[in-house]
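The values are calculated or read from the model by the stated rules, or taken from the named source; none is laboratory data. Fair warning: this is a prediction, and the values are worked out from it, not measured in the lab. With ideal geometry, Cβ positions are generated from the backbone for all residues, glycine too; neighbour counts draw on all protein chains shown.
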Amino acid sequence: MRDRWKAGEPTLGAWCTIPSPWTAEVAARSGHDWVCIDTQHGLIGYDVMLPMLQAISAGGVPSLVRVPWNEPGAIMKALDAGAGGVIVPMVNSVEEAGAAVDASRYPPDGIRSMGPIRAREVDTEWRNPICVVMIETVQAVARADEILAVPGIDAVFVGPNDLAVSAGVESSYEGSNPEHRRLIEAIRRAAGAHGVAAGIMCGSPEVAAQWHEAGFVMLGLQSDTRLLAAASEQIAKGAKEMIRRSV
């Protein structure tokens, strides 16, 4: 993905919150360029994350794990299990960005402990995994230029909901609030200045196209939970309407 990001190519990501290897494999085989296992807000523990990573490998696309927090043990365990990289939430300072990178790199470049378990057995860049930091607060946006200058960061991923909450404005995937959009675009500019790929959660194909035009290349689409909810609601609503018309 690094080469595609450098070339400005869009990469579309599936977002897994349901603890199921089956749904992870379906996502990996559905035309996405990467699949994220969300252990921060998803219902996924380590015992399920491992077979989900195996299922994504079967689908032939890169895997990322959003860890619960910027904690070295969580980062190392995700990488040892074979994740192609980590997404680290709530990075608010240079020190926190450096800690995320250090936990994902072996000495002398970092502090990662040598014990890759599954990572050595699968086709992943286990010695040089992708490190993505999330900027999700107004304070972090003010420091974005410093944060994204930290060596070893491959991409920055915008959390639009947390960013809106931090700014005290209404959240939307498209950044309809002017202040919300200003903050998002400030992150994108800082990423461009430091050769870091810019990513964002989009929620729909239309918003993904909008943000790619604005310079974002790591585009998260809808989560499995939201897709299931939307499809279930649509089919139930449609069936009720068809039955009503037939009566």
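Can you tell me which condition Met90 does not meet? The list is (1) part of a loop (DSSP other than H, G, I, E, B); (2) over 16 Å from Ile130 (Cα atoms); (3) touching a residue at least 12 places away in the same chain (Cβ under 8 Å); (4) over 14 Å from the mean Cα position of the chain (by Cα), and all the others hold.
(4)
For region 1-25, which residues satisfy the criterion of being crowded, with 16+ Cβ neighbours inside 10 Å and either in contact with a Ser or Thr (Cβ under 9 Å, 6 or more places away or on another chain) or in a helix (DSSP H, G or I) (or both)? Lay out the reasoning, then the answer.
First pass over region 1-25, keeping only residues crowded, with 16+ Cβ neighbours inside 10 Å: 1, 5, 10-21, 23-25.
Met1, Trp5, Ala14, Trp15, Cys16, Thr17, Ile18, Pro21, Thr23, Ala24, Glu25, listed by residue number.
Restricting the search to region 222-242, which residues are among the basic types (Lys, Arg) and either exposed (fewer than 11 other Cβ atoms within 10 Å of the Cβ) or not in a helix (DSSP H, G or I) (or both)?
Lys237, Lys240
Find all pairs meeting these conditions: Cβ atoms under 7 angstrom apart; at least six residues apart or on different chains; first residue within region 1-28 and within 21 Å of Met49 (Cβ to Cβ); second residue among the acidic types (Asp, Glu) and in a helix (DSSP H, G or I).
Trp15/Asp224; Cys16/Asp224; Thr17/Asp224; Ile18/Asp224; Thr23/Asp224; Ala27/Asp224
Applying the selection to region 1-22, what residues are farther than 18 Å from Ile200 by Cα and under 17 Å from the mean Cα position of the chain (by Cα)?
Ile18, Pro19
For every residue, the table says whether it meets (1) closer than 19 Å to Gly152 by Cβ; (2) surrounded by fewer than 19 Cβ atoms within 10 Å (Cβ to Cβ); (3) not hydroxyl-bearing (Ser, Thr, Tyr).
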| site | (1), (2), (3) |
| --- | --- |
| Asp38 | no, no, yes |
| Leu53 | no, no, yes |
| Ala58 | no, yes, yes |
| Val61 | no, no, yes |
| Glu71 | yes, yes, yes |
| Val86 | yes, no, yes |
| Val91 | yes, no, yes |
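Can you tell which of Arg127, Arg143 is farther than 26 Å from Ser223 by Cβ, surrounded by fewer than 15 Cβ atoms within 10 Å (Cβ to Cβ) and basic (Lys, Arg)? Explain how you work it out, then say what you get.
Details: Arg143 fails: surrounded by fewer than 15 Cβ atoms within 10 Å (Cβ to Cβ).
Result of the check over Arg127, Arg143: Arg127.
Which residues, counting only those in region 198-216, are touching a residue at least 40 places away in the same chain (Cβ under 8 Å) and within 12 Å of the chain's Cα centre (by Cα)?
Selection gives Ala198, Gly199, Ile200, Met201.
Six or more apart or on different chains, Cβ under 6 Å: which pairs go from a residue in region 43-64 that's in a loop (DSSP other than H, G, I, E, B) to one that's of a type in the set (Gly, Ala, Ser) and modelled with pLDDT of 95 or more? Could you list them?
Once the first residue is in a loop (DSSP other than H, G, I, E, B) and sits in region 43-64, its partners that are of a type in the set (Gly, Ala, Ser) and modelled with pLDDT of 95 or more give Val61/Ala28; Pro62/Gly84.
Contact list please: Cβ distance under 9 Å, first residue in region 146-157 and under 15 Å from Lys6 (Cβ atoms) and at pLDDT 95 or above, second residue surrounded by fewer than 24 Cβ atoms within 10 Å (Cβ to Cβ) and charged (D, E, K, R), pairs at least six apart or on different chains.
Asp154/Arg2; Ala155/Arg2; Val156/Arg188
Criterion first (among the small types (Gly, Ala, Ser), touching a residue at least 24 places away in the same chain (Cβ under 8 Å) and not in a helix (DSSP H, G or I)) does Gly98 satisfy it?
Answer is no for this residue.
Of these, Gly199, Gly175, Gly195, which one is under 20 Å from Val150 (Cβ atoms), part of a loop (DSSP other than H, G, I, E, B) and either modelled with pLDDT of 95 or more or acidic (Asp, Glu) (or both)?
Gly195
Being surrounded by fewer than 17 Cβ atoms within 10 Å (Cβ to Cβ), aliphatic (A, V, I, L, M) and within 30 Å of Glu25 (Cβ to Cβ), is that true of even one residue in region 199-221?
yes
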